[in-house]
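The values are calculated or read from the model by the stated rules, or taken from the named source; none is laboratory data. Small disclaimer: the values here were computed from a predicted structure and weren't measured. Methodologically, a virtual Cβ is constructed for each residue, glycine included, from the backbone with ideal geometry; neighbour enumeration extends over all protein chains shown.
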Amino acid sequence: MNLEGILAQATAMVVALVVAPLLTGWVNVCRAWLQGRSAPPLLQPFRALHKLFWKESVIAHGATPLFRLAPYVIFGCMLLASMIVPTLSTNLPLAPAADAIALVGLFALARVFISLAAMDIGTAFGSMGARREMLVGFLAEPAFLMVLFTASLLSDSTSLATIVTTLGHREFTILPSLALAGVAFVMVSLAENARVPVDNPATHLELTMIHEALVLEYSGRHLALLEWAAALKLFVYSCAGLALFFPWGVAQANHRTALALALPALIAKLAIGGFLLALIETVMAKMRIFRVPEFLATAFLLGVLALLVHQLLGA
Amino acid sequence: MIGSLLTIDAVLIVVAAWIVVGLAGIAAVRYPGFVAHGLFPLSAALSAALCGIALAALPGTPETAILAIGLPGLPFHLRLDALSSFFLFLVGIASAGISIFSAGYFRRGEGTPAGVMCMQYHVFLAAMAMVIVSDDAYAFMVCWESMALSSYFLVTTNHRIPEIQRAGYLYLLIAHIGAIAILLCFGVLQANTGDYTFANMRAQHLAPFWASCAFLLALFGFGAKAGVLPLHVWLPEAHPAAPSPVSALMSGVMLKTAIYGMLRVTFDLVSTPIWWWGVVALSLGLATAFFGVVFAAAQVDMKRLLAYSSIENIGLIVMAFGLAIVFRAYGMRSLAALAMTALLFHCINHALFKSLLFLGTGSVLHATNERSLGKLGGLMRFMPWVAWTALAGVIAAAGLPPSNGFASEWLLLQGFLFTGALPNPYLKMLVPLFAGGLVLVAALAAYVMVKFFGVIFLGRPREERLEQAQDAGRLERLGLAWLTAGCILLGLFPAAVIEAIDPIAFSLLGQGLAQGGRVGDWLMLAPVSAERASYSAPLVFALIVAIVLTTFLAVRRFYHGRVRRAAAWDCGTPFQTARMQDTAEGFGQPIRQIFEPFFRMRRELPSPADERPRYRVTIEDPMWAAIFVRIAAIIEWISGVVGTLQRGRISIYLLYSFVTLVALLLLTQA
Amino acid sequence: MGGYGTQIVNLFAATLLLIAFAMLAQRRIVALIHLFALQGLALVGSTVTVAWVTGQHHLYYSAAITFALKVVILPYILHRLIRRLNVKWDIETLLNIPTMMLVGIVLVVFAFNLAIPISEFSTSMARGTLGIALACVLLSFLMMITRSKAVPQVIGFLAMENGLFFAATSATYGMPMVVELGIALDVLVGMVILGVFLFQIREQFDSLDIRHLESLRDD
């Protein structure tokens, strides 16, 4: 743990905190363009966070300390996840703290806390949101793990840094197992980040709510932390996807020049990814909640298939 | 005399002391206060002493002793090696917490007087400890039966309720079916030499056919006690019927003695497993785990939910067992050590967090007199101690970092990911599918635990009298705190635990995980190498806490920390009652819908013409109807047929004797 | 893994498997026909790649016939058929979709394991994909078994033939030209006969649900 490492880690953290709301803003801008509307400003999420932090936090009478603790814990989990995933460099000093399986575990921890906090107030919306969130999680988490297993069998390790290094250093080969895993990963990230076709992030109808129902009772700084955590989750998922499937451009060492080159590469890849996400959201319609388990079961089975194809073809 | 005291003698002293405490309970049956506040804490102290003794014995050499109890010429052979010490440690640490809790829990006897219960409890503990140190089949079976009988009496404590009687009967029946299988297994293992000591069984080299017979009998027999499919039907009946500390002891400790039995027979007495045994164990384990967790999601009684969750965890342990067998059969000893370490770690984790959860439900039951999830809710405000310790247990049971449940599941998944090195192509492709099933079960376990904690402790109280619920007493809090501390420490320092477990893998497999090097230091767990996989629980915990504190202070510094209390928003709905929350059936409905073919569901749907519309759904165990009811019908038919031999007339019976005499005379003449 | 050619063929093979699974789970018949056309396209692509890398020119002709038949003619016939029969949806299957997917995975494992020793005999550049071809055949068979309307069963039959063709290409560089032309003619004639048959079923029972065919007696 030398000075370079600490600087790299701090840079990664700051980049995550700044770029995550920017990514959400960019997706909203692209979606508005594609739908022919005039777009909100790119920095709108920052303004929203600033506004929410200034507002008073209104809490229901029956809320327990768990309700007030949960947003901090969830924000902590997501920030820790963004510090572990190789976004700019694979040589982060904190990366050995958690490997791919622990990353999925961190997401599960955040999911359990938000579900418990939603059930805390005791309204119908809260328990409905908790039930749906746990349903999506129970199928999406195994699918994500299957994708990570395929990647780890290819690189003989579950440490994210090693996976990125191995996959990035191969000469360009088309690996069908990774292709199948990529399709499964896209489906899982759509579900976990509460995007169309699984959940509508801009809805106000209870029939279509999952994420919105969970944060219904929060306001002020707690809501700000939860929105920031959701943006960080999208950022982490995008970076994980880029690290697994498009690992070129991530720095291998912590020199200042390598990091400086990695940042524009990351921004460019995220911009393209954000645009594709907005495209998917515009083109697809939201599914009925009863179809979501089938959607995610398909993702899980694609993950299993990717594993089997890897065992068969060695690729 | 003290100088020549072996560790195994210390263990026997603890066991004898337990029995003395039990007898004192009988003697003091008129003074329940003394039994509760004097004897149970003493028993807890003895359990803590057993922990220390077992820890000291873990890295040491195996010791033997001969106890001249029993029949003349058939003494008890006892042995304390690494595997036994580990399970003794498990018994000690779990029972310490449970005994302290029971000191505050057993008030006036509900059915059985507290003194009698004290004796049954301590005989149970002593029998479990003796099973673990037994070194011959005779001692093992005597102690196994004592364990079954004493736990039967404990289960039927409130014996005036007919359901509880029925549950106890079913428990005893299946325990004995298992015991017969275990006895037959020992019979096969002694290979016609007539010597039933384990030392003799170790020296035998059985043909593969007989070895497989022994393994399958052991799997069946010990599986009946552990709650493996399809002999699990007693678990969801017996655990809710028993008082909560007894459920905790049974679920946390007794199921593990069955796992001890499986490990002892397969890796010690038979010594070279065959690969397809592992596949059988893997499949059975996955089926059990899946079945347990799916049924747990559909339960409406909090103790039945925890019982099914125990079935799920036993399924996971049996899967680890199967994986260890597969690796060992192909000679990959270090990977087998990885799987076995994961197995043992999960055993102790489950003992701690399941006992914690059962004790929490005991407090809830005492405070509210309510077991059904549909009548609870919002108890976190009135019972904060129970709620926060139960939260620790729930996080561990759901397998979330940085808890101990996550650490053992992480280790097990690492074991599954090494299967690319297996030579058999069928297995190479099949075992990752088991890993997929494992993660599915783990994710569903999180769902079940959110349901459990959310419906009981969060939300609004579904009944008004819940607001009078009182938090747990002082001794109960001590028990809960002990188990919570165990969970947290084991979760934060998994590398230390794994290094302590290492001698067991070494003694059973010939190779440990550490391989001379270190598994990691106190900070990081890296079972093979840091490039391969690493996980640092203290770092994850410390970082999350650091970020939480920093964010809290930063927000207060740059913005403000004002809070206003108001009514819940609920999208502007003006009228909110507690009935508008999810019921237990409601929270489990998506799982019921997805896995409908597994349940035997009966639904009563309201029609528009009903004056008082009702919705009721009952879930039944399909195994019960498919297997046990059919077997019972066949047995009844057979006994009907045999019953025709009994006519009731004396001349017929005399005829039987006459015919037998004539046949014998003819035989001896020839 | 070997050069780019093998990788591209592997990629097409994975696409074929993906499409076979997607056909298992698909509810709408129009989408099924589109998937079938896509499968034909993947087949053409893989055949062309093998032909280009190994220089076997008769495979180009095979690819041309496949394109004409499976991407153009057969989907067109099927579209016309369903428009005249007026079937658009097939909601019910005999098993529910998650169970079918699970059985599908088991079949895939079985096919992969079967294929490993066989593919060691072959000298083709694409021999690793024999398992995938076998899996496609089995999955299409499963689709035929578990559907309750007649048109998806026909599509399943055609998809099975796709799988066999892929197996032939991957293991032995295609079949002799005569055999291929014969098979292609068989399939075409089979389609015509099946089309007539479907009309008869519809006339008799007023629906294409095959469960109506189960009542063997006249009541």
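Structural remarks
- Some residue of the stretch C:57-79 being crowded, with 18+ Cβ neighbours inside 10 Å, farther than 25 Å from C:Val44 by Cβ, more than 16 Å from the chain's Cα centre (by Cα) and modelled with pLDDT under 85: no
- Number of the exception - B:Leu422 against (1) more than 9 Å from chain A (Cβ to nearest Cβ); (2) modelled with pLDDT of 90 or more: (2)
- Residues (without any contact (Cβ under 8 Å) to a residue 40 or more places away in the chain and among the aromatic types (Phe, Trp, Tyr)) located in the stretch A:118-148: A:Phe138
- Matching option when the condition is among the polar types (S, T, N, Q) and surrounded by fewer than 16 Cβ atoms within 10 Å (Cβ to Cβ), among B:Gln165, B:Gln190: B:Gln165
- Candidates are the residues of the stretch B:198-208 that are touching a residue at least 40 places away in the same chain (Cβ under 8 Å) and surrounded by fewer than 17 Cβ atoms within 10 Å (Cβ to Cβ); the one that is farthest from B:Thr64 (Cα to Cα) is B:Pro208.
- Qualifying residues in the stretch A:172-188 (those that are within 7 Å of another protein chain (Cβ to nearest Cβ) and closer than 22 Å to A:Phe275 by Cα) - the one surrounded by the fewest Cβ atoms within 10 Å (Cβ to Cβ): A:Ala179
- Candidates in the stretch A:83-107 are the residues that are facing chain B (nearest Cβ under 9 Å) and not in a helix (DSSP H, G or I); of these, the one that is nearest to A:Leu17 (Cα to Cα) is A:Leu94.
- Count of the stretch A:194-208 residues which are assigned to a loop (DSSP other than H, G, I, E, B), within 23 Å of A:Thr298 (Cα to Cα) and either within 12 Å of chain B (Cβ to nearest Cβ) or of a type outside the set (Lys, Arg) (or both): 7
- Restricting C:Leu32, C:Leu24, C:Leu38, C:Leu11 to residues that are in contact with a Leu (Cβ under 8 Å, 6 or more places away or on another chain), assigned to a helix (DSSP H, G or I) and closer than 22 Å to C:Leu134 by Cβ narrows the list to C:Leu24.
- Condition check for A:Leu103: at negative phi, over 19 Å from the mean Cα position of the chain (by Cα) and surrounded by fewer than 24 Cβ atoms within 10 Å (Cβ to Cβ): no
- Condition met for A:Ala191 (more than 9 Å from every other protein chain (Cβ to nearest Cβ), touching a His at 6+ places or on another chain (Cβ under 9 Å), within 17 Å of A:Leu296 (Cβ to Cβ) and surrounded by 22 or more Cβ atoms within 10 Å (Cβ to Cβ)): no
- Within the stretch B:653-670, no residue that is in contact (Cβ under 8 Å) with a residue 60 or more places away in the chain and surrounded by 10 or more Cβ atoms within 10 Å (Cβ to Cβ) sits with its Cβ atom under 7 Å from a residue that is in a helix (DSSP H, G or I) and of a type outside the set (D, E, K, R) at 6+ positions apart or across chains.
- Condition broken by C:Glu161, with the remaining ones in (1) in a helix (DSSP H, G or I); (2) at pLDDT below 75 satisfied: (2)
- Flag for A:Leu69 being in a loop (DSSP other than H, G, I, E, B) and over 19 Å from the mean Cα position of the chain (by Cα): no
- Filter result for A:Glu281 (under 27 Å from C:Ala14 (Cα atoms) and more than 14 Å from every other protein chain (Cβ to nearest Cβ)): yes
Rundown of residues vs (1) more than 30 Å from A:Leu69 (Cβ to Cβ); (2) not in a helix (DSSP H, G or I), yes/no style:
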{"site": "B:Ile544", "(1), (2)": "no, no"}
{"site": "B:Thr550", "(1), (2)": "no, no"}
{"site": "B:Arg565", "(1), (2)": "no, yes"}
{"site": "B:Arg614", "(1), (2)": "yes, yes"}
{"site": "B:Trp624", "(1), (2)": "yes, no"}
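- Selection of the stretch B:576-617 for residues being loosely packed, with under 14 Cβ neighbours inside 10 Å, out of contact with any Lys or Arg (no Cβ under 9 Å at 6 or more places or on another chain) and within 14 Å of chain A (Cβ to nearest Cβ) yields B:Gln593, B:Glu596.
- Scanning the stretch A:54-65 for residues that are at the interface with chain B (Cβ under 7 Å from one of its Cβ atoms) and within 16 Å of A:Thr123 (Cβ to Cβ) yields a total of 6.
- Residues of the stretch A:149-161 satisfying the condition of being touching a residue at least 24 places away in the same chain (Cβ under 8 Å) and either more than 7 Å from every other protein chain (Cβ to nearest Cβ) or β-branched (Val, Ile, Thr) (or both): A:Thr150, A:Ala151, A:Leu154, A:Thr158, A:Leu160, A:Ala161
- Some residue of the stretch B:438-458 being facing another protein chain (nearest Cβ under 9 Å), more than 20 Å from the chain's Cα centre (by Cα), outside any helix (DSSP H, G or I) and at pLDDT 85 or above: yes
- The residue that is surrounded by the most Cβ atoms within 10 Å (Cβ to Cβ), among those in the stretch B:541-575 that are among the hydroxyl-bearing types (Ser, Thr, Tyr) and facing chain A (nearest Cβ under 7 Å), is B:Thr551.
- For the stretch B:149-162, the set of residues classified as buried (at least 21 other Cβ atoms within 10 Å of the Cβ) and over 17 Å from B:Met117 (Cβ atoms) is empty.
- Enumeration of residues in the stretch A:306-315 that are in a helix (DSSP H, G or I), in contact (Cβ under 8 Å) with a residue 12 or more places away in the chain and either at the interface with chain C (Cβ under 7 Å from one of its Cβ atoms) or surrounded by fewer than 19 Cβ atoms within 10 Å (Cβ to Cβ) (or both): A:Val309, A:Leu313
- Scanning the stretch A:284-294 for residues that are more than 10 Å from chain C (Cβ to nearest Cβ), under 20 Å from the mean Cα position of the chain (by Cα) and either more than 15 Å from A:Arg31 (Cβ to Cβ) or assigned to a helix (DSSP H, G or I) (or both) yields one hit, A:Val292.
- Out of B:Ala287, B:Ala307, sole residue that is in contact (Cβ under 8 Å) with a residue 24 or more places away in the chain and surrounded by 24 or more Cβ atoms within 10 Å (Cβ to Cβ): B:Ala307
- Of the candidates A:Ala224, A:Ala299, the single residue that is surrounded by 23 or more Cβ atoms within 10 Å (Cβ to Cβ), more than 14 Å from chain C (Cβ to nearest Cβ), part of a helix (DSSP H, G or I) and touching a residue at least 60 places away in the same chain (Cβ under 8 Å) is A:Ala224.
- Per-region count, the stretch B:567-591, residues hydrophobic (A, V, I, L, M, F, W, C) and part of a loop (DSSP other than H, G, I, E, B): 4
- The requirement of being more than 14 Å from chain B (Cβ to nearest Cβ), part of a helix (DSSP H, G or I) and within 30 Å of B:Glu409 (Cβ to Cβ) is not satisfied by A:Ala110.
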